[in-house]
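Accompanying notes for the structure given below.
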């Protein structure tokens, strides 16, 4: 069994070290290479490899699927960064910031098509794998749309928020595991339990991301600290704060949402503290983490084989198991 | 054998009349429906159906492929219109003009993914069909990139231009025919000849499009007349005019390229006339048309079966066969 870091290393060597993009047109492919080589945690492709290794040695189909998943993820990042007007990604300028908007659109497009080029090379159960991949791809886009829809709504509930992040973030983590497992010959039951594990892990992970965007340190995030607050993003923290706030606190939140001054971030952080939404967010992280671990427990392979997945989940959630 | 208009009608009834998009999120799917229901000539999906019908009755795989091709084409239109800042498409506002830029990006993305959802449903030779589809998709994006690269270059040759439009426009027409033929059980030789037919037809078609954008009537085009001239687009007309212009004429072209006044279009049209680039463009249309018809001639099926393709090509090129 390989550890997370061993699989990251192998994935980097096999895929990132030998990216499939040709030299020309360089204005198309240079930005694609730029983003993929900036790093990133490679969680999604490695989840696919780990899902595969649960049932045997990592096979060629899983390597193809892992590459497809990493490419698809990067495609969504490129376009989401344009839509979110994000200046930084992985601690460096986003593609549209560095190369311009049209490069951002087209590099995203070609990265998506290369994702399909990889997933199309899968030999085992290709129609079923494509069906799963396509459903995930649709859901990720729907999640992004809901995320944007929420920007102009003032009545977003916590349930709607969880639904949105499930689509936008979790189904890709879940699907990575499931596709890896399918390609390893998993039963449908085991593949579905892994999907549930990944889905809840993804929700926990995103809620933690919300937390860290507000309360984490900028140099570790690789992006602007408080970016969500500055953008008035309706994160779990903000929605929960609004839900539990007193009339006075709501007035404070409303007030700060209309401002764009440098003291906006610390002021909102104080409001999150006062309303207890920071604690609620961490509790929600624990709730979904536990659901995730329960599903993993149910997967019918030996505990030893599941060890790398436990370790990865624990690492991702900075959670003492 | 069905005629072009019969196949258009059938395609409209089967696919456009029952689009696969769900109701929600409506901000994602309404714009997709909007564009697909605006019409368009449906040339690409019908070429796929015609390529299929050359070898027998149109089968289910061909219907799936035709839908995939129409969706893919619409995806490229949506994103190209953003990059080209085009206000009109099919005589109506473009998606980004009507719904905003982020809608344009995300609707394009989901339309591309739905294209893959359809092509994934093909039963016959799925890996080979996907490989063909993916190669075309990559080339279309590369063509769009070259098109944008040309905007900032002053040394684009006619050969480079033909290469660009081959990628951006022709390979999708060619690939539509080829995939339809493959799904009809065509030999590799016949499928390749149909590809050549479609490729040259596409080049001729694009060169004619250049011509009509400059010399056609706005109400028939469904887009701004002289849009290419206003955008300083390096079309065949402009490149050829530059190539053959006298020093005096070159000065005139250079001068007008820097202006943005209402008399720019008629002035450039005069320069195209004076340099003979309008005639050269029409001759090039005829040259590539002839190559296309020669390839179609070589396809080893009875002349009668090829009749709808001849008629379509003739109609597209407004050419007396």
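Structural remarks
- With semi-axes defined as the square roots of five times the eigenvalues of the C-alpha gyration tensor, the equivalent ellipsoid of region A:77-151 measures 27, 17, 9 Å, largest first.
- FRET efficiency for the residue A:128 to residue B:14 pair, using the beta carbon distance and R₀ = 22 Å, is estimated at 0.30.
- FRET efficiency for residue B:85 and residue B:311, using Cβ-Cβ distance with R0 set to 35 Å, rounded to 0.05: 0.45
- For region B:152-229 and region A:1-27, distance of Cα centres in Å: 35
- Gaussian network model of chain B, springs between alpha carbon atoms under 10 Å - residue of B:42, B:153, B:14 with greatest fluctuation: B:153
- Within region B:229-256: backbone nitrogen closer than 20 Å to the residue B:282 label point (7 Å, Cα to C-beta): B:229, B:235-245
- Using 0.36 nm per residue and subtracting the Cα-Cα separation, the extra length available between residue A:153 and residue A:187 on full extension is 8.0 nm.
- In the distance distribution for chain B, Cα-Cα pairs more than 36 Å apart total 19 percent.
- When the Gaussian network model of chain B links Cα atoms closer than 10 Å, the mean-square fluctuations of B:143, B:104, B:56 top out at B:56.
- Rough spin-label spacing in nm, given labels placed 7 Å along Cα→Cβ, for residue B:250 and residue A:3: 6.6
- Each label was represented as a point 7 Å from its Cα along the Cα-to-Cβ direction; for residue B:41 and residue A:160 these points are 4.4 nm apart.
- Selected from B:131, B:234, B:199 as most flexible by GNM, with chain B as the system and alpha-carbon contacts under 10 Å: B:131
- Inter-copy label distances at residue B:248 (7 Å, Cα→Cβ; nm, one decimal): 8.5
- For residue A:283, the label point sits 7 Å beyond Cα toward Cβ; its separations from the matching points on the remaining copies run 8.2 nm, from shortest to longest.
- Cα coordinate range in region A:139-223, projected on the principal axes (Å, largest first): 44, 32, 18
- Whether region B:71-214 is rounded, prolate or oblate, judged on the alpha carbon gyration tensor where a/c under 1.5 counts as rounded: oblate
- Copy-to-copy label separations for residue A:298, where each label sits 7 Å from Cα toward Cβ, in nm and ascending: 6.0
FYI, it's all coordinate maths here, none of it is from the lab. Keep in mind that this is a model prediction, so the values were computed, not measured. Positions of Cβ are generated from backbone atoms using ideal geometry, with glycine treated the same way; all protein chains shown enter the neighbour counts.
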